[in-house]
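Each remark here refers to the structure printed beneath this line.
The values are calculated or read from the model by the stated rules, or taken from the named source; none is laboratory data. Every value quoted in this text rests on a predicted model; they were computed, and no experiment measured them. Backbone-built Cβ (ideal geometry, glycine too); neighbour counts: all protein chains shown.
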C-alpha cells in the first residue's frame with residue numbers, strides 16, 4: 001500500500017506506475033492523478049504537443065513501423081481497404097458527400113463502416129467519436 005501525494009488516498013501498489021528513480025520503485029502519484037495531470041498538460045499545450053507529434057512521426061524508425069502496422073491492418077481484413085477505397089472514389093465522384101459528425105457535429109469527419117460488406121453505407125464521425133465508436137464495438141465483442 002502507498003499514499004498518493006496528490007489525492008492523499010492510500011492505494012495498492014498496482015495503482016501506481018513503476019519508477020526506477022523512486023526508493024520503493026513506484027511513482028509517488030497514483031495512476032488516476034497521473035492521467036489527470038497528463039490530460040490537463042495536453043489540453044494546455046495542445047499546439048506544441050501536436051507539432052512534436054508531427055515531427056516525431058517523420059522519424060525513419062516510426063515511418064518503418066507505421067508501414068508494418070498498416071500492412072498488417074490491411075491484411076487482417078481485405079474488405080476494409082476495399083471499402084475505404086470505394087468511399088474515397090464515391091466522394092471524389094460526388095456519389096457520397098462528406099457530412100458533419102453525427103454525434104457531435106464537428107465538420108471534419110471520417111467515414112465509419114459498421115459493416116464492410118456494405119462499403120457505401122457509412123456513418124460520419126470525427127476522429128474522437130470514431131475512436132469512441134471502435135471502443136464501443138470492441139466492448140460488444
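Do you know which residues across the range 70-121 are over 22 Å from residue 137 (Cα atoms), surrounded by 13 or more Cβ atoms within 10 Å (Cβ to Cβ) and touching a helix residue (DSSP H, G or I) at 6+ places or on another chain (Cβ under 8 Å)? Listed by number, the residues that qualify are 96, 98.
Could you say whether any residue in the range 64-84 is farther than 30 Å from residue 118 by Cβ, modelled with pLDDT of 95 or more and in the same structural domain as residue 111 (by TED's automatic domain parsing)?
Taking the range 64-84 first, the residues farther than 30 Å from residue 118 by Cβ are 64-65.
Pick out the ones that are also modelled with pLDDT of 95 or more and you get 64-65.
Imposing the further condition that a residue be in the same structural domain as residue 111 (by TED's automatic domain parsing) reduces the set to 64-65.
So far as the range 64-84 goes, yes, one or more of its residues are farther than 30 Å from residue 118 by Cβ, modelled with pLDDT of 95 or more and in the same structural domain as residue 111 (by TED's automatic domain parsing).
For the range 15-41, the candidate set comprises residues that are touching a strand residue (DSSP E or B) at 6+ places or on another chain (Cβ under 8 Å) and part of a helix (DSSP H, G or I); within that set, the residue that is nearest to residue 2 (Cα to Cα) is 15. Here is a list of conditions, (1) surrounded by 13 or more Cβ atoms within 10 Å (Cβ to Cβ); (2) in contact with a strand residue (DSSP E or B) (Cβ under 9 Å, 6 or more places away or on another chain), and residue 1 meets all of them except one; can you say which number that is? Just one mismatch for residue 1, condition (1). Determine whether the range 47-69 contains at least one residue that is touching a residue at least 24 places away in the same chain (Cβ under 8 Å) and surrounded by 11 or more Cβ atoms within 10 Å (Cβ to Cβ). Among the residues of the range 47-69, not one is touching a residue at least 24 places away in the same chain (Cβ under 8 Å) and surrounded by 11 or more Cβ atoms within 10 Å (Cβ to Cβ), which makes the answer no.
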